[in-house]
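The values are calculated or read from the model by the stated rules, or taken from the named source; none is laboratory data. Remember, it's a predicted structure, so these values are computed and weren't measured experimentally. Cβ coordinates were reconstructed from backbone atoms using ideal geometry, including for glycine residues, and neighbour counts include every protein chain displayed.
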C-alpha cells in the first residue's frame with residue numbers, strides 16, 4: 001500500500017490529536033488547587049467547566065477549573081485533527097460497507113469532541129451529553145466495527161490493534177455509565193471509555209505515515225526524447 005501526500009497529512013493529524021488532548025488535560029488538572037484534580041474521582045468534563053461550584057447530583061463534587069479555556073480549545077482542536085484525519089484517509093483505508101460505517105461513526109465521534117468543547121457541561125448540559133454520547137457511544141461502536149474490516153482492506157491489516165481498542169472502549173463505556181470504577185474510580189473508567197479512540201488513531205497515524213509514498217512513474221524514450229509517464 002502506498003500513501004498520497006494528503007493521506008500522509010491526515011495521518012499526521014491523527015498522530016497529533018491524542019498527545020494534544022492528554023497534555024491539555026494534564027496541564028489544566030495541575031492548575032486545580034482546592035480541591036486538587038483527581039483522574040480517579042473527577043470526570044474529564046470537569047476540566048472544561050466554566051464556573052466553580054458543586055456539580056453533578058448523582059456524584060456531587062466541587063469543581064473549579066481555572067484553566068478551563070485550555071481544555072476546551074485543545075478539545076476543539078482535537079476534534080478538528082480527528083475529523084481531518086478521517087477525511088484525508090477516507091479512501092486509503094479501503095472500501096466496503098463495514099469500512100464506511102466505521103469511518104462515518106468515527107467522524108461523528110470527532111463531532112462529539114467539538115460539542116463537548118463548545119458546550120461545557122455547566123453551560124449546556126444537554127448538548128454536552130450529546131457530544132459525550134457521540135464519543136463514547138457511536139464512536140466506540142465505530143471503533144469496534146473498524147476491527148471487523150475485511151482483511152483485504154488496508155484497515156483490516158491492523159485488526160488486532162483495532163479490536164483490542166474497540167473492546168476496551170466499549171467495556172469502559174458500559175462500566176462508566178453503570179458508575180463502576182473497578183479499582184480505578186469512575187473518573188478513571190471514563191478515560192478507559194474515551195481514550196482508546198484518539199490513542200488508536202495516533203497509532204494508526206504512525207503506521208500510515210511510515211508507509212512509502214507512491215513511486216514516480218517510469219520514464220519512457222520516445223524518438224530519442226525521455227518522456228515521463
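Return the residue satisfying two criteria in turn: it lies in segment 104-123 and is over 19 Å from residue 191 (Cβ atoms) and in a helix (DSSP H, G or I), and of such residues it is farthest from the chain's Cα centre (by Cα). Please lay out each step first, then the result.
Step one: list which residues in segment 104-123 are over 19 Å from residue 191 (Cβ atoms), which gives 104-105, 107-108, 111, 114, 118-119, 122-123.
If we keep only those that are in a helix (DSSP H, G or I) as well, we get 104-105, 107-108, 111, 114, 118.
Details: 104: 13, 105: 12, 107: 9, 108: 11, 111: 10, 114: 11, 118: 16 Å.
Filtering segment 104-123 for residues that are over 19 Å from residue 191 (Cβ atoms) and in a helix (DSSP H, G or I), the one farthest from the chain's Cα centre (by Cα) comes out as 118.
Does segment 99-117 hold any residues that are touching a residue at least 12 places away in the same chain (Cβ under 8 Å) and over 17 Å from residue 194 (Cβ atoms), and which are they?
So the first thing to find is which residues in segment 99-117 are touching a residue at least 12 places away in the same chain (Cβ under 8 Å), and the list is 99, 101-117.
Within segment 99-117, 99, 101, 102, 103, 104 qualify.
Residues that are in contact (Cβ under 8 Å) with a residue 24 or more places away in the chain, in contact with a strand residue (DSSP E or B) (Cβ under 8 Å, 6 or more places away or on another chain), within 19 Å of residue 187 (Cα to Cα) and surrounded by 15 or more Cβ atoms within 10 Å (Cβ to Cβ): does segment 61-79 have at least one?
Yes, the conditions are met somewhere in segment 61-79.
Among the numbered criteria (1) at positive phi; (2) touching a strand residue (DSSP E or B) at 6+ places or on another chain (Cβ under 6 Å), which single criterion is violated by residue 96?
(2)
As an exercise: evaluate residue 96 against (1) surrounded by fewer than 16 Cβ atoms within 10 Å (Cβ to Cβ); (2) without any contact (Cβ under 8 Å) to a residue 24 or more places away in the chain and give the number of the one condition it does not meet.
Only one criterion in (1) surrounded by fewer than 16 Cβ atoms within 10 Å (Cβ to Cβ); (2) without any contact (Cβ under 8 Å) to a residue 24 or more places away in the chain is unmet by residue 96, namely (2).
Please work out which residue is modelled with the highest pLDDT, limiting yourself to segment 18-65 and to residues that are farther than 23 Å from residue 115 by Cβ and not in a loop (DSSP other than H, G, I, E, B).
Among those that are farther than 23 Å from residue 115 by Cβ and not in a loop (DSSP other than H, G, I, E, B), it is 30.
Identify the residue in segment 124-166 that is touching a helix residue (DSSP H, G or I) at 6+ places or on another chain (Cβ under 9 Å) and in a loop (DSSP other than H, G, I, E, B) and, among all such residues, is surrounded by the fewest Cβ atoms within 10 Å (Cβ to Cβ).
The selected residue is 151.
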